[in-house]
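To keep things clear, I will list the structure first and then write my remarks on it.
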Amino acid sequence: MAAIIANAVATVSSLVTGVMNYFTDMFLTPPQTASLRYLEETELKTLQGERRTLKAKTLWQNSGAVIMAEAAELSSLKPLLDEIGVPLYAVVKEDVGTEIQNFRPYFKGEIFLDEKRRFYGPRERSMGFLGFLRVGVWMNGFRAFRNGFFGNVSGEGFVLGGVFVIGRGQQGIFLEHREIEFGDKVDVEHVMWAARRVA
């Protein structure tokens, strides 16, 4: 009897989740693929030491790179990426209050500021309050909270990010993952597969 009830609850939960996702998907802007030409001219600002501005292509020109636009959990891949000589960078869209300082314990690599939010484009997407209707957002938020990630209410918090694996020079973009909802994680195996292609 307990198994039947558990199966019924799981079925109803899946149905509700599917309906809510379908409903909210209708209002979400679909992602647009970024080209290497679009990304490489992005102006990034350093956030440590003497502040300077550089073109994004310098990050991957000689070694390729994995670039995460607000996906802190990828930090766990840094030792593996270091072994194959592919650096991991973080790109953030704003530097508000102590946000960057709070992020640093979870990320050991270099962090850059993308004020024009080109790594969040070419078609910038945001979820807004629709995110609160999606079960996945609540589950991702709970997982992040359990892992010690705490959000804040400062700045712009609705823009969806992504992850890029970019080859050396003009090799191109080997992987582009765009968040479907807040906390939507890229498959780390896919990231490592693409990074090994660079290496």
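Details
- Filter result (part of a loop (DSSP other than H, G, I, E, B) and crowded, with 17+ Cβ neighbours inside 10 Å) within the range 64-88: G64, E70, A71, V86, P87
- Enumeration of residues in the range 49-63 that are open to solvent by 20 Å² or more (accessible area, probe 1.4 Å) and either of a type in the set (A, V, I, L, M) or at pLDDT below 80 (or both): G49, L54
- Annotation: G161 fulfils all but one of (1) modelled with pLDDT of 75 or more; (2) open to solvent by 50 Å² or more (accessible area, probe 1.4 Å); (3) in contact with a Lys or Arg (Cβ under 9 Å, 6 or more places away or on another chain); (4) not hydroxyl-bearing (S, T, Y); the unmet one is (2).
The values are calculated or read from the model by the stated rules, or taken from the named source; none is laboratory data. Predicted model, so just to flag it, every value in this text is computed and none were measured. Glycine gets a Cβ as well: all are built from the backbone with ideal geometry, and neighbour counts include every protein chain shown. Just the protein is used for accessible areas: all its heavy atoms, side chains included, with ligands, DNA and RNA removed. Shrake-Rupley method; radii C 1.70, N 1.55, O 1.52, S 1.80 Å.
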